[in-house]
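Trainee: Provided herewith is a single structure, encoded as structure tokens, for subsequent inquiry.
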Amino acid sequence: MNSTFDNAQKRLIQMMEGLNLNKDVIARLSVPNRSMTINLPVRMDDGSTEMFEAHRVQYNDTLGPYKGGIRFHQNVDLDEVKSLALWMTIKCAAVGLPLGGGKGGVTIDPRNYSLKEVERVSRAYIRAVSDIIGPDRDVPAPDVNTNGMIMGWMIDEYSHIVRKHQPAVMTGKPVGIGGSLGRDSATGLGAFFVFDLWMKRNKKIPSETRIAIQGFGNVGSFFSIFAAKAGYKIIAISDVSAAIYRKEGFALSDLTAFQKSRKNLIDLKCESGATYETISNKELLELDVDVLAPAALENQITSENAKDIRASLVLEIANGPVTLEADEILEKRKIPVLPDVLVNSGGVIVSYYEWVQNRTGDYWTEDQVNHKLKERIEDAASACYNHSTSSDKTLRTAIYERALKRLSDAIESTGTQETFNGK
Ligand code: NAD
């Protein structure tokens, strides 16, 4: 079986060849500029030392400093981090940001460690990568199992190393230390804007639209709340502990209470008094719904289960939830896939706004941030939908083509083989 990166790379090369891009551009974008693996020695609470494998991948910085989150998860490996860094390169280009693509990760299940141990791991990670990150080089952010507090520890460690205040080295930090208003909800809100625009174009009625969401973390929970507020019916949600289902749809107050509680779904009760059914993750993915929104991890819809998906739209809120083979099956079955590099780009868009605010010292209101997010993401979404319709290509191909146009223009502007051969 191909690895996640093999698939991501294959998909990218196919798109670049389809566009007949210059071969220098294809060469530059087919592999990461730098992949770094380190082992972090960390003192445990009981006095012992444990080694944690960690990575930072800097995929491409033609358009600006590398940008991409840091994931803490037991399954993190170099292959996954390379894939995520490739997708960040495409995502930043697709929504017109002056940023490149990178990603980081530590192989750790944070649930098995104390908060103090997680802090030491976070600081050790920064000590190991401090030479290659920085506000003009590479700007990390949160991802799965990392949050504002972890960003705060990381900025503190980095600022001690470089001996100056450097809030712009990380985004997704708490507002009190230079974070942007609206950053926490940005990825879910951006996903909602992209989704709602699609539904309006296709004249769908929110109250008749049933949605199942896999993954009720930062992004999935905010998306569910924005969608419920707009009248869409959220009928199933899940996290690592359980998937829960309610045919009539969850009340907004229950979704909000679930988000606030930070408990596993398996331990929750509906505050509204409504009851729900517990189902399996497989059942959630294969539910008879209008929209399936995977918002957890990559490789969830594969060649094994793509034929069993009953939703009429797949909304990729997570990065890489649909494999290359599954994409082909869904295309044949005429199930459109709203692609990750567009749908979840709200996070990096507001991260970019945070970085701009840190560098200018001019801070914006939440309304200003959300308004700018809406404008930028809807502009990219409209361009993607129009191009897909006029060219009869998938939505993924349409958004990749938009990104690749920007990247290839930039790469070609410093010369290609033809330039140097006087052609
Ligand atoms: P998170 O850690 O806050 O939440 C992840 C959720 O997925 C949790 O509820 C977890 O329990 C659940 N989960 C994990 N494995 C699962 C499984 N097998 N079945 C069902 N649920 C499962 O992470 P997040 O920040 O919400 O990120 C989710 C996805 O969105 C990732 O793919 C991430 O790369 C992507 N993303 C996040 C951001 C951001 O700003 N946080 C930005 C862009 C993309």
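The values are calculated or read from the model by the stated rules, or taken from the named source; none is laboratory data. All values derive from a computational prediction rather than experimental measurement. Note that each Cβ is placed from the backbone with ideal geometry, even for glycine, and that neighbours are counted across all protein chains shown. These area figures cover heavy atoms from the full protein model, side chains too; ligands, DNA and RNA do not enter into them. Shrake-Rupley method; radii C 1.70, N 1.55, O 1.52, S 1.80 Å.
Trainee: Whole-Å semi-axes of region 33-173's equivalent ellipsoid, largest first, each the root of 5 times a Cα gyration tensor eigenvalue?
Mentor: 24, 17, 12
Trainee: Relative contact order of region 186-343, please, whole-number percent, based on alpha carbon pairs below 8 angstrom and at least 6 residues apart.
Mentor: 22
Trainee: Hey, if we sort 61, 79 by accessible area with the 1.4 Å probe, largest down, what's the order?
Mentor: Ranking 61, 79 by accessible area, largest first, yields 61, 79.
Trainee: What is the list of residues in region 315-359 whose amide nitrogen lies under 13 Å from a point 7 angstrom out from the Cα of residue 375, following Cα to Cβ?
Mentor: Answer for region 315-359: none.
Trainee: Right, another one. Give the cross-link partners of residue 247 among the lysines, using a straight C-alpha distance below 27 Å as the criterion and excluding same-chain residues fewer than 8 apart.
Mentor: 200, 203, 204, 229, 233, 260, 263, 269, 282, 307, 334
Trainee: Right, here's the next one. Around residue 60, which amide H atoms from residues at least 5 apart in sequence, or from another chain, sit under 5 Å from its own amide H, with H modelled in the peptide plane?
Mentor: Here the answer is 33, 101, since their amide H atoms fall under 5 Å of that of residue 60.
Trainee: Continuing with this model, one more query. Mind listing P(r) for region 321-407? All alpha-carbon pairs, 5 Å bins, whole percents.
Mentor: Percent of Cα pairs in each bin: 3, 12, 20, 19, 16, 12, 8, 5, 3, 1, 0.
Trainee: Could you state how much accessible area residue 364 has, in square angstrom rounded to the nearest 10, with a 1.4 Å probe and all protein chains kept in place?
Mentor: Using a 1.4 Å probe on the heavy atoms, I get roughly 40 Å².
Trainee: Continuing with the same structure: Quick one: among 255, 189, 342, which has the greatest mean-square fluctuation in a GNM of the chain with alpha-carbon springs under 10 angstrom?
Mentor: Most flexible of the set in this elastic network: 255.
Trainee: Check residue 52: other-chain or 5+ apart residues with amide H under 5 Å from its amide H, H built from backbone geometry?
Mentor: 40, 42
Trainee: Looking at the chain as a GNM with Cα springs under 10 Å, which of 264, 147, 358 has the largest mean-square fluctuation?
Mentor: 264
Trainee: Would you list 177, 70 from the most to the least accessible area, probe 1.4 Å?
Mentor: Of 177, 70, the descending order of accessible area is 177, 70.
Trainee: Ok, one more. To one decimal place, what Kirkwood hydrodynamic radius in Å is obtained for the chain from all pairs of distinct Cα atoms?
Mentor: 21.9
Trainee: Can you send over the solvent-accessible area of residue 73, 1.4 Å probe, protein chains only, in Å² to the nearest 10?
Mentor: 20
Trainee: Across region 22-106, what fraction of all alpha-carbon pairs, as a whole percent, falls in each successive 5 Å bin from zero upward?
Mentor: 3, 16, 22, 19, 15, 10, 6, 4, 3, 1, 0, 0
Trainee: Going from most exposed to least, what order do 143, 340 have by accessible area with a 1.4 Å probe?
Mentor: Order by accessible area, largest first: 143, 340.
Trainee: Any idea how many Lys pairs in region 33-173 come in under 26 angstrom at the alpha carbon, given 8 or more places apart or on separate chains?
Mentor: 16
Trainee: Would you tell me the accessible area of residue 325, worked out with a 1.4 angstrom probe on the heavy atoms of the protein chains, in Å² to the nearest 10?
Mentor: Around 70 Å² of this residue is reachable by solvent.
Trainee: With labels modelled as points extended 7 Å from the Cα through the Cβ direction, what inter-label distance (nm, one decimal) is found for residue 263 paired with residue 203?
Mentor: 4.6
Trainee: Are there any helices in the chain, counted as whole DSSP H runs, that stretch 18 Å or more along their axis by Cα and score at least 0.5 on average by Kyte-Doolittle, and if so which?
Mentor: 78-94, 148-162
Trainee: So between residue 356 and residue 115, what do we pick up on full extension, going 0.36 nm a residue minus the alpha carbon distance?
Mentor: Answer, rounded to one decimal: 83.7 nm.
Trainee: What number comes out for accessible area per residue over the chain if the probe is 1.4 Å? Units Å², please.
Mentor: That works out to 43 Å² for each residue.
Trainee: Then there is this: Can you pull the Rg over Rh of region 224-302, Cα-only, Kirkwood?
Mentor: Result for region 224-302 is an Rg/Rh of 0.93.
Trainee: Considering only DSSP beta bridges with both partners in the chain, what is the antiparallel share in %, to the nearest 5?
Mentor: 50
Trainee: Quick one: pull the percent of accessible area on region 33-173 belonging to carbon and sulfur, 1.4 Å probe, ligands and nucleic acids left out.
Mentor: 46
Trainee: Which three numbers, in whole Å and largest first, are the semi-axes of the equivalent ellipsoid of region 186-343 derived from its Cα gyration tensor as √(5λ)?
Mentor: Result for region 186-343: semi-axes of 23, 17, 14 Å.
Trainee: If you don't mind, another one. Mind checking the full-extension length gain between residue 367 and residue 390? Use 0.36 nm per residue of separation minus the Cα-Cα distance, one decimal, nm.
Mentor: Roughly 4.9 nm would be gained on extension.
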